[in-house]
Structures are given as C-alpha cells and as structure tokens.
1. What number of residues in region 72-111 are among the small types (Gly, Ala, Ser), surrounded by 14 or more Cβ atoms within 10 Å (Cβ to Cβ) and either assigned to a helix (DSSP H, G or I) or within 15 Å of the chain's Cα centre (by Cα) (or both)?
2. Of everything in region 11-42, what is among the polar types (S, T, N, Q) and part of a helix (DSSP H, G or I)? Give them in sequence order.
3. Which of the residues that make up region 43-69 are within 12 Å of residue 81 (Cα to Cα), assigned to a helix (DSSP H, G or I) and either among the hydroxyl-bearing types (Ser, Thr, Tyr) or in contact (Cβ under 8 Å) with a residue 60 or more places away in the chain (or both)?
4. For region 46-71: of the residues being within 11 Å of residue 93 (Cα to Cα) and in contact with a Ser or Thr (Cβ under 8 Å, 6 or more places away or on another chain), which is surrounded by the most Cβ atoms within 10 Å (Cβ to Cβ)?
Amino acid sequence: MKKHRAHKKKEVVAGYSCNGRIWIENNGETFLGIGRVVLLQRVREYGSISAAARSMKMSYKHAWDLISSMNRQAPFPLVETSKGGKGGGGARVTTAGEEALTRFAALQERLANFLAEETMDLPW
C-alpha cells in the first residue's frame, strides 16, 4: 500500500537530529494520524470523500474505511455524509472533526518543539 506523506519536506540540516511521528490510538487501533488528518482536511476543502481521496491518490474505499474507522471510534462523528440526488451527495467535517484537527495540530506542534529541544541536547 502506498504511504502518503502529509507533511512538507523539511530543510536538511547537517548533523544529528531527533525525529518522530505521532498518532492517537484507541484500544490499539489507529484513531488519528497525519494521513487521516490530511484526509479530513481534504474532505473539508472539497466537500466530498471521493474528491478528497482522488486528491491523495487514494481509493474511495480506503478513504471511506478510514473515515468509517474514525467515526466509529469517536464519541461524535468527525465526518457526516449526505446521499446523492439531483444536486449530488457530499461530505462535511463536523464540529467534532474540526476540534480533532485543532487538537492534533497542537499535539504535533508540541512534539516538534520537544524534538527540537532534544536535538539541541544531543552530544554529537
């Protein structure tokens, strides 16, 4: 399966550095990570799971499975869908989804700060 890199390419600095990734699990199952965050952001941007999936070069089924997993694990759905019809269907990130995005961004920032501090403390 192709991995999607959601973060921007960072500038390469000579020498040692601490790096890491963070994700949230629920009973050992991934709930939220960078790939799922990007998917939520794309759903918000395009208003469609299929368009979000296409933009990430991901199958609709895989995108649907990820959203279904997040919605099943969350206390409130992160994405709501509407049935197609004359105007077509769609999807939207809910208030709970927006809060999850905000909290994950804050978590990532704290991790980046921690890693930067640890890098400065490396003896090499």
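Read the figures in this text as sums done on the coordinates, not as results from a lab. If you're wondering where the values come from, they're calculated on a predicted model, not measured in any experiment. We place every Cβ from the backbone using ideal geometry, glycine too, and count neighbours over all the protein chains shown.
1. 4
2. 41, the sole residue that qualifies.
3. Across region 43-69, the qualifying residues are 50, 68.
4. 49
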